[in-house]
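Trainee: Quick one: structure below, then a few questions.
The values are calculated or read from the model by the stated rules, or taken from the named source; none is laboratory data. The model shown is predicted, which means the values in this text are computed figures rather than measured ones. Every residue, glycine among them, receives a Cβ derived from its backbone with ideal geometry; neighbour counts consider all protein chains shown.
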Amino acid sequence: MEKVPNILSSFRLILAPIFLILFIQDQVFWRALSLVIFIVAAATDFVDGYIARRFNVESDFGVFLDPLADKFLTFAGFVCLPFLDPNQFPWWAVVLIVIRDIIITSLRIYANRKGFSMETRATAKAKTALQMVFLYIALFFGLLMLFRGRFGEVIQNVLASDVFFWGMMVVVAVTLYSGIEYLVVNRALFSKKAERP
């Protein structure tokens, strides 16, 4: 049982690029399958965390691997969006989100290795929830846009509107703000005067 959480995290790492490759195919079957893979991969995050806590099998490697797998899956989701419409989901916005999460995740891993624990802020939790809700909605619309007929035209018109662009801007703003807040609140952890508790 002690290896199961790490196996699930590794499985999530493997599923992330598979999801990405399948999603950017302009066929309903492959894109629908990619969303199933995305949901399954996201579910493994809950399962491996539950098992690790329930059976007290958390490990240093698991502390490193779990957030890494989470970020790979999230990044794969955001990288898919510009393939739907780069005007509604600009590449620069995706790059900002990825850079912010890489910096904060790296600092969190560094702090854990040094014996510190970075304080998690409410805005960071809100950021994660907002990112995932936005991703699920945008990716689902990405599937629906492949349908033909009047329904497909309606979805295309929704995607062509500015609603997703402004949604993306909100996600970027909250993501960057939470990153800055993380750095300000936890700056003492990375100063030379910081002592291990």
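Trainee: Taking the condition of being surrounded by fewer than 14 Cβ atoms within 10 Å (Cβ to Cβ) and small (G, A, S), how many residues in region 128-159 meet it?
Mentor: Residues in region 128-159 being surrounded by fewer than 14 Cβ atoms within 10 Å (Cβ to Cβ) and small (G, A, S): 3 in total.
Trainee: Looking only at region 17-52, how many residues end up being assigned to a loop (DSSP other than H, G, I, E, B) and exposed (fewer than 14 other Cβ atoms within 10 Å of the Cβ)? Lay out the reasoning, then the answer.
Mentor: As a first pass, look at region 17-52 and keep what is assigned to a loop (DSSP other than H, G, I, E, B): 24-27.
Then keep just the ones that are exposed (fewer than 14 other Cβ atoms within 10 Å of the Cβ); that gives 26-27.
Going through region 17-52 one residue at a time, the tally reaches 2.
Trainee: Cβ-Cβ below 9 Å, separation at least six or inter-chain, first residue in region 114-135 and on the phi < 0 side of the Ramachandran plot, second assigned to a helix (DSSP H, G or I) and surrounded by fewer than 13 Cβ atoms within 10 Å (Cβ to Cβ): which pairs?
Mentor: If the second residue must be assigned to a helix (DSSP H, G or I) and surrounded by fewer than 13 Cβ atoms within 10 Å (Cβ to Cβ), the pairs left are L130/V170; F134/V170.
Trainee: Would it be correct to say that A43 is out of contact with any Pro (no Cβ under 8 Å at 6 or more places or on another chain), hydrophobic (A, V, I, L, M, F, W, C) and modelled with pLDDT under 90?
Mentor: yes
Trainee: In this structure, does I104 turn out to be over 21 Å from L35 (Cβ atoms), surrounded by fewer than 14 Cβ atoms within 10 Å (Cβ to Cβ) and under 15 Å from the mean Cα position of the chain (by Cα)?
Mentor: Numbers: over 21 Å from L35 (Cβ atoms): yes; surrounded by fewer than 14 Cβ atoms within 10 Å (Cβ to Cβ): no; under 15 Å from the mean Cα position of the chain (by Cα): yes.
In short, no.
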